[in-house]
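Structure first, commentary second.
The values are calculated or read from the model by the stated rules, or taken from the named source; none is laboratory data. Bear in mind that the values here come from a model prediction, so they are computed numbers and not experimental data. Note that each Cβ is placed from the backbone with ideal geometry, even for glycine, and that neighbours are counted across all protein chains shown.
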Amino acid sequence: MTLVLNVSNHLIDYADSLAEEIVDGVLHSMKLEIPQLEKEQARMKGAEATIVGAYDTTVYAVSYTPTTGGEKVTNHKWVIQEDLKDAGDTPYKVGDEVTLNVEHMEGMKGAQATIDTAEQTTIYMVDYTPTTGGERVKNHQWVTADELQPIEGGEHAGH
């Protein structure tokens, strides 16, 4: 089945990346610039995707400082139980400290992270063609059901 990626909050919760500034007594909010995350999100938003894998597991949003240096990444979505070093079968809880054992983005592998959210759910691996052009991305990890929607007029539309 081909679906459309709806990834407005896929990689980062932008509500957590707003800075507030007071100018002339007025509170202004401004989005912080996180180019790598914004670039990936732009590539995915609205892209047609094919599910190539589905896994029932514990899914986490995590905050971590990349091992390569740079700014702390907050609320990175998604890391699964199997992406955590020495995870075992017992799910972690919000606030637990873990070590990432995956390189979804440069500097993730080996980084110390804090669990921001934890949920038992089905998570999907997808292939998609970036809406910004370029080659098809294969085995993208990970997308949740609420980040997928049927293509209008497609084989499963209206179901």
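For this structure, a couple of remarks:
- Residue in segment 81-89 that is part of a strand (DSSP E or B) and at pLDDT 95 or above present: yes
Each row is one residue, and each column tells you yes or no for (1) over 16 Å from the mean Cα position of the chain (by Cα); (2) modelled with pLDDT under 85.
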site: Val7; (1), (2): no, yes
site: Tyr14; (1), (2): no, yes
site: Ser17; (1), (2): no, yes
site: Ile22; (1), (2): yes, yes
site: Gln36; (1), (2): no, yes
site: Glu40; (1), (2): no, yes
site: Pro66; (1), (2): no, no
site: Pro91; (1), (2): yes, no
site: Thr114; (1), (2): no, no
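- The listed residues are Thr58, Thr50, and the only one of them that is surrounded by 17 or more Cβ atoms within 10 Å (Cβ to Cβ), among the hydroxyl-bearing types (Ser, Thr, Tyr) and either under 13 Å from the mean Cα position of the chain (by Cα) or modelled with pLDDT of 55 or more (or both) turns out to be Thr58.
- Within segment 116-152, the set of residues being under 14 Å from the mean Cα position of the chain (by Cα) and β-branched (Val, Ile, Thr) comprises Thr117, Ile123, Val126, Val143, Thr144.
- Unmet criterion (only one of (1) in a strand (DSSP E or B); (2) modelled with pLDDT of 80 or more) for Gly70: (1)
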